[in-house]
Amino acid sequence: MDLSIGILLFQDGLTNGAIYMLLALALVLVFSVTRVLFLPQGEFVVFGALGFTLLNKGQMPGTVWLLLVFGVLAAVSDIGSAATGKRLKAARRTLVANLALPAFLALLAWAAARNNAPPLICALLAIALVIPLGPMIYRIAFMPVAQSSILTLLIVGVTVHFVLLGMSLFFFGPEGMRAQPLLNGDISFGEVVVSAQSLLVYAASAAVVAGLYYLFEHTVYGKALRATSVSRTGARLSGIRTHVAGKLAFGLAAAIGAVCGVLLVSLTTVYYDSGLAIGMRGFIGAVVGALVSFPGAAVGALMVGVIEAFTAFFYSSLKDAALFLLIIPVLLYLSLGSGAGTVVSEEE
């Protein structure tokens, strides 16, 4: 270990930490709005990563079939509810959102794969294929039990994880995939050399954070999400449809996960079952923020990335153990300090 190796490890940890930060922010967003500890968040990363890799190779991604399957299930659920309440307009809207949009995206994916679209187009299309999955999963799995306890929602989340894991194996196969970097080359800052792909990760992470800040501070939808996170009952009394807020939160989480996948698959090999391991790193960061603090989650996730890099260098076999041990002092602080009261008040 010397200064140059320390700088490389810190840079690698910061790059991974920036991706974990986005996942942690997505987990905090979903939990604060819907009370769902969404463990399958990492599956969105896998879908984005593998979808981008296959499109880049000129192949139809399994994300297309995933989207079509969930679109049909969501449409059936929405049409059943609309028919019961005799809301024909709602039935027409759900046909467009859950059937027409996936079909259009599937057509775009077919055209991109057939014509060997540029990597940037493939990346954007891979993200677009994942985004609708978020609201669909919320509609199918969580919306019918939205008023249940957090434990029930957690159990549903675990079930969703295993369902998505099996479908990921079926549609993508067991082989790992890795894509070429979107940006090649290195950039020197004095004696520090940073890869262009790492700079892209930093820039994309900063852009997502800035976009979330603008959404929450300057848009009606963002303020509706904030109101729902404070009090679901109060939000409903104010005319906010909490089920729409839930769909929006899951859509944002899916978008963030897909972006992370596109960035991550150029840095490491991604398998169909990599989602849980990746998502748990974001979850550790979210726990540092007590699942309610965006700044705390961001700082915690960056810490996770740096600790993971240095632990892998010194004790690679203990890398995962060191990360999960990080949760223990945080939970002790939250349970013994004022953090516990914060979590309880948010749940109420």
Next item on the list: Return the single residue from 157, 279, 48 with maximal mean-square fluctuation; model: Gaussian network over the chain, springs between Cα atoms under 10 Å.
Entry: 157
Item checked: Principal axis dimensions, largest first and in whole angstrom, of the range 1-136 by Cα -> 70, 43, 16
Note to self: Can you order the peptides 66-74, 262-270 by their average number of other Cβ atoms within 10 Å per residue, highest first?
What the structure shows: 262-270, 66-74
Check: How large is the dipole of the chain about the Cα centre if only Lys and Arg carry +1 and Asp and Glu carry -1, each at its Cβ, rounded to the nearest 20 debye?
Finding: 1620
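Averaged per residue, what accessible area in Å² does the chain show with a 1.4 Å probe, protein chains only? Intermediate values should be presented prior to the final figure.
Values: 16090 Å² over 348 residues.
Accessible area per residue: 46 Å².
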Notebook entry, point to check: Taking Rh as the Kirkwood radius, which is the inverse of the mean 1/r over Cα pairs, what is the Rg/Rh value for the range 1-79?
Noted result: 1.15
Next item on the list: Any chance you could look up the accessible area of residue 2 with a 1.4 Å probe, heavy atoms only, rounded to 10 Å²?
Entry: 80
Notebook entry, point to check: Taking all protein chains as present, what is the carbon and sulfur share of the accessible area of the chain, in % to the nearest whole number, probe 1.4 Å?
Noted result: 69
Item checked: Per-residue SASA entry for residue 93, accessible area with 1.4 Å probe, Å² rounded to 10 -> 150
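Under a 1.4 angstrom probe, counting protein chains only, how are 217, 308, 175, 191 ranked by accessible area, largest first?
Descending order: 191, 175, 217, 308.
If each residue of separation counts as 0.36 nm, what is the full-extension length gain between residue 192 and residue 313 once their alpha-carbon separation is subtracted?
41.6 nm
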Check: Mean Kyte-Doolittle of at least 0.5 and a Cα length of 27 Å or more along the axis: which whole DSSP H helices of the chain meet both?
Finding: 3-34, 62-85, 150-172, 196-218, 242-264, 294-314
Next item on the list: Order the following by accessible area, largest value first: 76, 193. Probe radius 1.4 Å; ligands, DNA and RNA are ignored.
Entry: 76, 193
Check: Given the alpha-carbon gyration tensor of the range 134-191, what are the semi-axes of its equivalent ellipsoid in whole angstrom, ordered largest first, with each equal to the square root of 5 times an eigenvalue?
Finding: 38, 19, 11
Next item on the list: Using only Cα positions of the range 107-244, each an equal point scatterer, no hydration layer, compute I(q)/I(0) via Debye at q = 0.13, 0.22 Å⁻¹ and quote the log10 values to two decimals.
Entry: -0.94, -1.34
Check: By how many nm would the segment from residue 231 to residue 207 grow when fully extended, if each residue of separation counts as 0.36 nm and the alpha-carbon distance is taken off?
Finding: 5.8 nm
Next item on the list: Keeping every protein chain in place, order 313, 162, 31 by accessible area at 1.4 Å, biggest value first, i.e. largest first.
Entry: 162, 313, 31
Notebook entry, point to check: If we count every other residue with Cβ under 11 angstrom of residue 308's Cβ, Lys/Arg +1 and Asp/Glu -1, where does the sum land?
Noted result: 0
Check: Hey, could you pull the Cα Rg and Dmax for the range 256-321, both in Å?
Finding: 12.5, 33
Next item on the list: Please work out how much accessible surface residue 171 shows to a 1.4 Å probe, ignoring ligands, DNA and RNA, in Å² rounded to 10.
Entry: 50
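What number comes out for the charge environment of residue 74, summing +1 per Lys or Arg and -1 per Asp or Glu over other residues with Cβ under 15 Å away?
+3
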Margin query: For the range 227-348, take every pair of Cα atoms, bin their distances at 10 Å starting from 0, and report each bin as a whole percent.
Written below: 11, 33, 33, 18, 4, 0
Note to self: For residue 195, what residues show an amide H to amide H distance below 5 Å, using hydrogens built from the backbone and excluding near sequence neighbours?
What the structure shows: 187
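The values are calculated or read from the model by the stated rules, or taken from the named source; none is laboratory data. Everything quoted here is computed from the prediction, not taken from an experiment. Here the Cβ is made from the backbone with ideal geometry for all residues, glycine too, and neighbour counts use every protein chain on show. All accessible areas refer to the heavy atoms of the entire protein, side chains included, with ligands and DNA or RNA removed. Shrake-Rupley method; radii C 1.70, N 1.55, O 1.52, S 1.80 Å.
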